[in-house]
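The values are calculated or read from the model by the stated rules, or taken from the named source; none is laboratory data. Since we're looking at a predicted model, the values are computed, not measured. Reconstructed Cβ throughout: ideal geometry from the backbone, glycine too, with neighbour counts over all protein chains shown.
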Amino acid sequence: MSFDLAQFVGQFLNGLSTASTLFLVSVGLSIIFGVTRIVNFAHGSFYMVGAYIAYTLTAIFPDTPLGFWGGVVLAAGAVGALGVAMEVTILRRIYHVPALFQILATFGVILVVSNLTQTVWGVEDKFTPLAPGLTGSVAILGLPFPQFDLAMIFLGPAVLLVLWLVFARTRWGILVRAATQDRDMAGALGVNQKLLFTSVLFVGCMLAGLGGAVQLPKGTISLQMDLSIIVEAFVVVVIGGMGNVAGAFLAALLIGEIQSFGTMLFPQGTQVIVFLAMAVVLVFRPHGLLGKAEPAAAGAGTFELPHRHASRKLAILGAAILALLMLLAAIGGSYGQVVLGEMLIWALFATSLAFIMGIGGMVSFGHAAYFGLGAYGVGLLVKYLGLSMVASLILAPLVAALGAMVFGAFLVRLSGVYFAMLTLAFAQILWSIATQWVDFLGGDNGILGLSPASWLSSRTAFCYFVLALTLAAMIVLRRTVFAPFGYALRAGRDSPLRADAIGIDVRRVQWLAFVVAGAFAGLAGGLFAYQNGNVFPTEISISTSIDALVMVLLGGVQTLAGAAVGAFAYLGLQTEMIQHLQDYWRLTLGLVIIALVILFPQGIVGFLRHRLGAAFGMTAEP
């Protein structure tokens with residue numbers, strides 16, 4: 001390929017334009033995290049709402065530059081006000097709870113905002129207007145370059161300059177920087193934390209809304225904008241360093257240029273390159289380019305009780321639940337057996353995640369990678385080698401464990417949000433490979449034609465088979481918790497320095513735990529493949545990882561049983577609401593999740609453990 005200077009400059013300028021949008025969204029996310037220590041999953045929703053509100057306002061105002069930009073500014077302000085509403089009504093009530101449950105609350109906000117946006121603006125994509133006065137192009141080295149994109153190149157640095165002046169020259173900026181360094185000390189010195197947090201949410205969400213509003217001249221806006229941008233924003237924030245404004249700008253430039261030149265040079269691998277870049281940065285700079293080690297999350301262990309062996313009463317309760325599941329598998333009918341089988345598989349998947357989260361203290365945003373490896377392992381072994389169901393289900397966990405072994409070797413170097421985001425990076429790399437390697441993996445067409453063995457051809461037999469494997473896997477995981485390995489894992493979670501001082505190789509133990517969790521997630525993925533008869537890239541997608549994370553948090557991270565209860569509760573609520581509420585099931589489910597976090601911030605099982613623990617011998621000894 002010959003070098004074309006004009007084309008190179010054009011791609012470079014496109015990268016700068018993209019970087020401005022990424023910076024607007026990610027810097028708001030970074031500021032919010034820096035002060036409140038909340039990983040705001042709903043930040044992409046505010047970006048989407050900003051675009052929709054601007055779409056409405058620019059249609060009302062005169063078709064002039066002043067009218068267009070006036071609508072954009074008002075839309076950003078309106079989104080900032082929505083951020084204040086979220087902080088006052090939801091976040092202010094859960095600042096004291098563990099950070100994981102704050103993430104769950106913001107996931108509930110995503111569902112609410114998505115449903116309300118769909119109700120107000122409909123499901124169809126909206127064709128957006130061009131920016132008056134910036135509809136043409138300018139010639140750069142003989143090639144046309146859009147005027148609006150050129151304006152966007154200057155918007156990002158202008159916002160960075162304003163933020164620098166605010167943080168360096170105003171009292172509010174100084175308070176924000178102080179709270180970013182040590183919010184507890186800032187509070188002890190008399191800073192009104194409630195007012196500060198509210199103002200920070202306004203500024204952060206306003207920037208997200210501005211980022212969405214300025215997307216109008218780019219083409220169309222849709223209800224899928226929130227998920228796509230939040231992933232990219234997290235990539236930028238993590239590469240730059242959580243809570244670092246300059247780092248966010250530097251990382252936005254890096255990712256913008258990678259996306260621009262990647263589209264030209266490697267059109268099939270652009271997303272892989274982006275996440276590979278994040279993985280490389282985190283491997284060599286564990287806290288990002290300009291970041292520092294994150295402070296310990298406040299209240300991280302507020303609801304943690306010692307793990308204890310099941311009492312006789314609890315064992316009887318477990319036997320009764322098992323008997324009920326066996327009865328449902330027998331009399332539930334074809335539909336009921338399908339639903340029950342899916343719930344059991346998700347319960348196993350969520351339990352494997354709870355093993356590294358609750359017992360190991362390692363939060364994963366990309367656990368679907370190993371679920372997907374198990375599913376694709378089954379599909380490929382059957383499709384290309386013609387293996388039987390039993391043989392493929394034996395090998396599928398090994399495939400997932402191998403993937404976890406490779407990825408885990410890099411992951412255990414990190415902790416906190418950086419660990420979580422690197423798990424997401426690895427999962428997204430696998431997802432990109434699954435979608436784009438069409439010849440071998442089928443791409444979006446997936447792998448079809450999987451069917452259980454002849455002796456499991458009936459739905460009843462297969463449901464019992466899934467129940468037996470799920471129960472056996474959960475028993476193994478629970479016994480591991482109380483084995484010496486489980487105690488070593490918990491020691492590394494609670495006090496890494498002390499564990500290391502008494503001779504425990506914390507990284508090695510965490511690495512092995514990650515491999516174990518990956519193997520059981522792979523078993524769940526293999527069962528899921530036979531349950532549905534196919535394998536698609538969605539098995540590795542972000543939504544699959546988030547669903548598992550929500551299940552664990554909904555049930556409670558204190559026990560492995562919490563993940564299973566959370567899986568049944570989440571899927572049960574989702575199924576019932578889809579059937580009865582139809583267009584408003586996301587809104588209702590989101591409100592239920594938010595209410596549960598506020599009322600039971602330790603999860604369903606955690607709440608029951610505190611209230612009914614004495615009756616079942618689950619309370620902690622004094």
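You will find that of Gly526, Gly603, Gly562, the residue that is of a type outside the set (A, V, I, L, M, F, W, C), over 15 Å from Gly358 (Cα atoms) and buried (at least 23 other Cβ atoms within 10 Å of the Cβ) is Gly526 and no other. Looking across Val238, Val176, Val166, one residue alone is within 22 Å of Ala75 (Cα to Cα), of a type in the set (Val, Ile, Thr) and touching a Gly at 6+ places or on another chain (Cβ under 8 Å). It is Val166. Restricting attention to region 489-516, the residues that are in contact with a Ser or Thr (Cβ under 9 Å, 6 or more places away or on another chain) and modelled with pLDDT of 95 or more add up to 3.
Restricting to region 470-493, count the residues that are touching a residue at least 60 places away in the same chain (Cβ under 8 Å) and not hydroxyl-bearing (Ser, Thr, Tyr). Number of matching residues: 12.
Answer with yes or no whether Leu57 is closer than 30 Å to Leu134 by Cα and at pLDDT 85 or above. Criteria met by Leu57.
Each row is one residue, and each column tells you yes or no for (1) modelled with pLDDT of 90 or more; (2) among the β-branched types (Val, Ile, Thr).
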| position | (1), (2) |
| --- | --- |
| Ala330 | no, no |
| Trp346 | yes, no |
| Leu353 | yes, no |
| Ser364 | yes, no |
| Ala369 | yes, no |
| Val399 | yes, yes |
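Count of region 209-225 residues, restricted to those that are in contact with an Asp or Glu (Cβ under 7 Å, 6 or more places away or on another chain) and closer than 22 Å to Ser137 by Cβ, is 1. Screening the candidates Gly187, Gly241 for the property of being surrounded by fewer than 24 Cβ atoms within 10 Å (Cβ to Cβ) and at pLDDT below 90 yields one hit, Gly187.
Counting just the residues of region 1-49 that are part of a loop (DSSP other than H, G, I, E, B) and within 17 Å of the chain's Cα centre (by Cα), which one comes out surrounded by the most Cβ atoms within 10 Å (Cβ to Cβ)?
Ala42
Here Met551 clears all of (1) at pLDDT below 90; (2) buried (at least 23 other Cβ atoms within 10 Å of the Cβ) except the condition numbered (1). Checking each residue in region 96-124 for being surrounded by fewer than 14 Cβ atoms within 10 Å (Cβ to Cβ) and in contact (Cβ under 8 Å) with a residue 12 or more places away in the chain picks out His96, Thr119, Val120, Val123. For region 126-145, check the following and say yes or no: at least one residue is part of a loop (DSSP other than H, G, I, E, B), touching a strand residue (DSSP E or B) at 6+ places or on another chain (Cβ under 6 Å), in contact (Cβ under 8 Å) with a residue 24 or more places away in the chain and farther than 19 Å from Ala76 by Cα. Looking for residues that are part of a loop (DSSP other than H, G, I, E, B), touching a strand residue (DSSP E or B) at 6+ places or on another chain (Cβ under 6 Å), in contact (Cβ under 8 Å) with a residue 24 or more places away in the chain and farther than 19 Å from Ala76 by Cα, one finds none in region 126-145, hence no.
For region 366-380, the count of residues that are in contact (Cβ under 8 Å) with a residue 40 or more places away in the chain, buried (at least 24 other Cβ atoms within 10 Å of the Cβ) and in a loop (DSSP other than H, G, I, E, B) is at least one. The number of residues in region 387-439 that are without any contact (Cβ under 8 Å) to a residue 60 or more places away in the chain and more than 24 Å from Phe41 (Cβ to Cβ) comes to 9. Quick one: which of Leu393, Leu414, Leu402 is at negative phi and not in a helix (DSSP H, G or I)? Sole residue among the options that is at negative phi and not in a helix (DSSP H, G or I): Leu414.
Yes or no: Phe303 at pLDDT below 85 and aromatic (Phe, Trp, Tyr)? Give the steps one after another, and end with the answer.
Numbers: at pLDDT below 85: yes; aromatic (Phe, Trp, Tyr): yes.
It is true that Phe303 is at pLDDT below 85 and aromatic (Phe, Trp, Tyr).
When the residues of region 435-446 are filtered to those that are under 26 Å from the mean Cα position of the chain (by Cα) and under 13 Å from Tyr376 (Cβ atoms), the one that is modelled with the lowest pLDDT is Trp437. Inspection of region 466-473 identifies no residue that is of a type in the set (Gly, Ala, Ser) and touching a Lys or Arg at 6+ places or on another chain (Cβ under 9 Å).
Only one of (1) closer than 30 Å to Leu373 by Cβ; (2) assigned to a loop (DSSP other than H, G, I, E, B) fails for Gln602. Which number is that? So the condition that Gln602 fails would be (1).
Taking Leu210, is it touching a Pro at 6+ places or on another chain (Cβ under 7 Å), closer than 30 Å to Thr56 by Cα and crowded, with 24+ Cβ neighbours inside 10 Å?
No; evaluated as a whole, the condition is false for this residue.
Restricting attention to region 324-371, the residues being under 30 Å from Met405 (Cβ atoms) and of a type in the set (Ser, Thr, Tyr) number 4.
Could you tell me whether region 373-387 includes any residue that is at pLDDT 95 or above and touching an Asp or Glu at 6+ places or on another chain (Cβ under 7 Å)? Yes. Restricted to region 51-95, and to residues there that are touching a residue at least 12 places away in the same chain (Cβ under 8 Å) and not in a helix (DSSP H, G or I), the residue that is nearest to Ile593 (Cα to Cα) is Ile90. Taking the numbered list (1) aliphatic (A, V, I, L, M); (2) assigned to a loop (DSSP other than H, G, I, E, B); (3) closer than 19 Å to Leu554 by Cβ in turn, Leu104 passes all entries but (2). Every listed requirement among (1) in contact with a Lys or Arg (Cβ under 7 Å, 6 or more places away or on another chain); (2) at positive phi is met by Gly442 save one, (1). The set of residues from region 208-241 being in a loop (DSSP other than H, G, I, E, B), touching a residue at least 24 places away in the same chain (Cβ under 8 Å) and either more than 21 Å from Ile38 (Cβ to Cβ) or acidic (Asp, Glu) (or both) comprises Val214, Gln215, Gly219, Ser222, Leu223.
Determine which member of the set Val166, Val162, Val191 is over 27 Å from Phe419 (Cβ atoms), outside any helix (DSSP H, G or I) and without any contact (Cβ under 8 Å) to a residue 24 or more places away in the chain.
Val191
Figure legend. Inter-residue proximity from region 552-579: first residues hydrophobic (A, V, I, L, M, F, W, C), second residues assigned to a loop (DSSP other than H, G, I, E, B) and modelled with pLDDT of 85 or more, beta-carbon distance below 9 Å, spacing 6+ or different chains. Indicated pairs: Ala563/Gly556; Val565/Gly556.
Yes or no, residue by residue, for (1) under 16 Å from Ala369 (Cα atoms); (2) over 25 Å from the mean Cα position of the chain (by Cα):
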| position | (1), (2) |
| --- | --- |
| Ala425 | yes, no |
| Ile433 | yes, no |
| Thr460 | no, yes |
| Met474 | no, no |
| Arg478 | no, yes |
| Ser495 | no, yes |
| Ile502 | no, yes |
